[in-house]
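Let me begin by presenting the structure, written as structure tokens, before commenting on it.
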Amino acid sequence: MATITFHGAAQEVTGSCHLLESAIIGRVLLDCGMHQGGDAVERVQDECFAFDPALIDAVVLSHAHLDHSGLLPKLFHEGFTGPIICTNATKELLYIMLHDSVGLYLRDLEHANIRNARRGKPLREAAFGMDDVEAVLQQCHGYNYGEPVPLGSNATLCFHDAGHILGSAITEIEFSEQGKSKRLVYSGDLGKQDSVLMNAPITLSHADTLILESTYGDREHRGEAYTVNQLRDLLKTTWKRGGSVMIPSFAVGRTQEILFHLGCLRHRGELDNWQVFLDSPMAIAVTRVYDNWLRLLDSNDMYELSAAHKSSLENFLPTLRLTEDTEESMAINRIKGGAIIIAGSGMCTGGRIRHHIKQRIWDERNTLIFVGYQAAGTLGRVLIDGARHIKMFGEEFVVKANIETLGGLSAHAGQSQLVNWLHSFDNKPRTMLVHGEPQAQDALAARLWTELGVEAVIPERGQSVVI
């Protein structure tokens, strides 16, 4: 009998990893993500697989975000040699994501080992390296949405647009076992119905087993139009104070939406004379990948653009400055007011945004705007929870800047959209909730039962379920 074992994103939001095992399909990993939050070196050193990577036959990747893909180099380093199956756009993004992530990890590990050497502590070996990244990329096989892909001896998978980020996919796997046809659907991360640039998630008609994300299972999002107006008002208020705006942003998806919204505000004459900085080499590279795929993204959001603007998000915002090297990034610190700084990481766990926070968090004229989910244990979560003092780089800082959250820019479906998406099925599939904190999963499970009569299972980490 086929089973699915939940090795990550089980009653938590990060570290997506689910193992499908069947005599027909073999041992297939759905995602191989890393956990987020805390010190990067400590986090990677603490990651371990509860299975032998050498025995995994294939990985099916829902999308390129690191909490779904970040441990692929470690998987290969520890013996995995099979194919990695994903969409073509995910394959293109993965090149950027893994090189950046592993490069930062190796740099942080080098610094940690310098400190250890000074203190007479043992040095740590890298859990993986750039050779592993190159091997992973060689094993990636990209496919189009709707294209049947053989899996194992008697199974087929198909990707459908999840509307979350570029290339994100709902995975549908059909196979026969003991003379019975079975259909497993894994939602990956589902996007909102009204996200700019992205298409709405595809709805499916049938599944025997459904693995459904639940990130926002306990809340709704404000509408996109309301949120853009909120962004406009926050920018105007900060401009009048003579301050600057910091936006911690995920390199894939959120950054591109923010650039689009800022461009729309400017074209409507609703954006003051801000200097806008995209201060993230990875986000810059990803934005250029998005430019290659703009023709396939939601055309309804692009109707007002000229041909030149439709070809490039960079062209859509002429006041945008791309700061790729460290010196350009540091030069932003000399600007005392009137700067919008978009930088990673999205949860403030690393990257250049922490340096900008260090320079500006103590100034009440400034505003820090969060535009995405902040996982427990991250600096972003600490700040939105109201901390008045934070510690970074071995120093303590007082928090006087205005802390704001734009929930309507989330790339995840809200509670009602998750319920409506499941309602599109013509049956009541056996449903398991993943990728959510316990309170969100409990709330979603209660609503699924009340409105649809679906009794959702909330698996624990390491729990196995027979399909």
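The values are calculated or read from the model by the stated rules, or taken from the named source; none is laboratory data. This structure is a prediction, so every number in the text was calculated from the model and none was measured. Counting neighbours? That spans all protein chains shown, and the Cβs are built from the backbone with ideal geometry, glycine included.
Some observations on this one:
- When segment 159-198 is filtered for residues that are more than 21 Å from S69 (Cβ to Cβ), within 20 Å of the chain's Cα centre (by Cα) and touching a residue at least 60 places away in the same chain (Cβ under 8 Å), the ones remaining, listed by number, are K192, Q193, V196.
- Boolean, E78 is among the acidic types (D, E), modelled with pLDDT of 95 or more and under 30 Å from Q417 (Cβ atoms): no
- Flag if L137 is surrounded by fewer than 18 Cβ atoms within 10 Å (Cβ to Cβ) and within 24 Å of G253 (Cα to Cα): yes
- Extreme residue, nearest to G70 (Cα to Cα), among residues of segment 1-36 that are of a type in the set (G, A, S) and crowded, with 20+ Cβ neighbours inside 10 Å: G33
- Neighbours by Cβ (under 7 Å, 6+ apart or cross-chain): first from segment 377-395, farther than 20 Å from G15 by Cβ; second of a type in the set (K, R): M392/R354; M392/K358; F393/K358
- L55 in contact with a helix residue (DSSP H, G or I) (Cβ under 9 Å, 6 or more places away or on another chain), touching a residue at least 24 places away in the same chain (Cβ under 8 Å) and of a type outside the set (D, E): no
- Only one of the numbered conditions (1) part of a loop (DSSP other than H, G, I, E, B); (2) buried (at least 20 other Cβ atoms within 10 Å of the Cβ) is violated by L368, and that is (1).
- Set side by side, the residues A456, A446 differ, and just one is in contact with a helix residue (DSSP H, G or I) (Cβ under 6 Å, 6 or more places away or on another chain), farther than 30 Å from R334 by Cα and outside the structural domain of G253 (by TED's automatic domain parsing), which is A456.
- Exclusive hit being closer than 23 Å to H65 by Cα, of a type outside the set (S, T, N, Q) and out of contact with any Pro (no Cβ under 9 Å at 6 or more places or on another chain), set A376, A443: A376
- Members of segment 21-63 found to be in a helix (DSSP H, G or I) and either under 30 Å from V382 (Cα atoms) or hydrophobic (A, V, I, L, M, F, W, C) (or both), listed by number: A40, V41, E42, R43, V44, Q45, D46, A54, L55
- Scanning segment 230-287 for residues that are under 22 Å from S312 (Cα atoms), among the hydrophobic types (A, V, I, L, M, F, W, C) and in contact with an Asp or Glu (Cβ under 9 Å, 6 or more places away or on another chain) returns A251, L259, F260, C264, F277, L278, M282, I284, A285.
Every residue, every condition in (1) polar (S, T, N, Q); (2) assigned to a loop (DSSP other than H, G, I, E, B); (3) at pLDDT 95 or above, yes or no:
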| residue | (1), (2), (3) |
| --- | --- |
| I341 | no, no, yes |
| M347 | no, yes, no |
| R354 | no, no, no |
| I357 | no, no, yes |
| E364 | no, yes, yes |
| G377 | no, yes, no |
| G380 | no, no, no |
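- For segment 166-195, the set of residues classified as surrounded by fewer than 24 Cβ atoms within 10 Å (Cβ to Cβ) and either at positive phi or outside the structural domain of T87 (by TED's automatic domain parsing) (or both) consists of Q178, G179, listed by residue number.
- If you go through segment 64-78 and keep only what is in a loop (DSSP other than H, G, I, E, B) and under 25 Å from Y373 (Cβ atoms), you end up with A64, H65, G70, L71.
- Hey, E220 in a loop (DSSP other than H, G, I, E, B), among the acidic types (D, E) and closer than 21 Å to Y373 by Cβ or not: yes
- Among (1) outside any loop (DSSP other than H, G, I, E, B); (2) in contact with a helix residue (DSSP H, G or I) (Cβ under 8 Å, 6 or more places away or on another chain); (3) surrounded by fewer than 24 Cβ atoms within 10 Å (Cβ to Cβ); (4) of a type outside the set (G, A, S), the one test that L271 misses: (1)
- Residues that are assigned to a helix (DSSP H, G or I), more than 21 Å from the chain's Cα centre (by Cα) and either closer than 25 Å to C32 by Cα or not polar (S, T, N, Q) (or both) within segment 420-436 comprise L422, H423, listed in sequence order.
- Residue match in segment 239-254 (condition: surrounded by 23 or more Cβ atoms within 10 Å (Cβ to Cβ), among the β-branched types (V, I, T), assigned to a helix (DSSP H, G or I) and not assigned by TED's automatic domain parsing to the domain that holds G8): no
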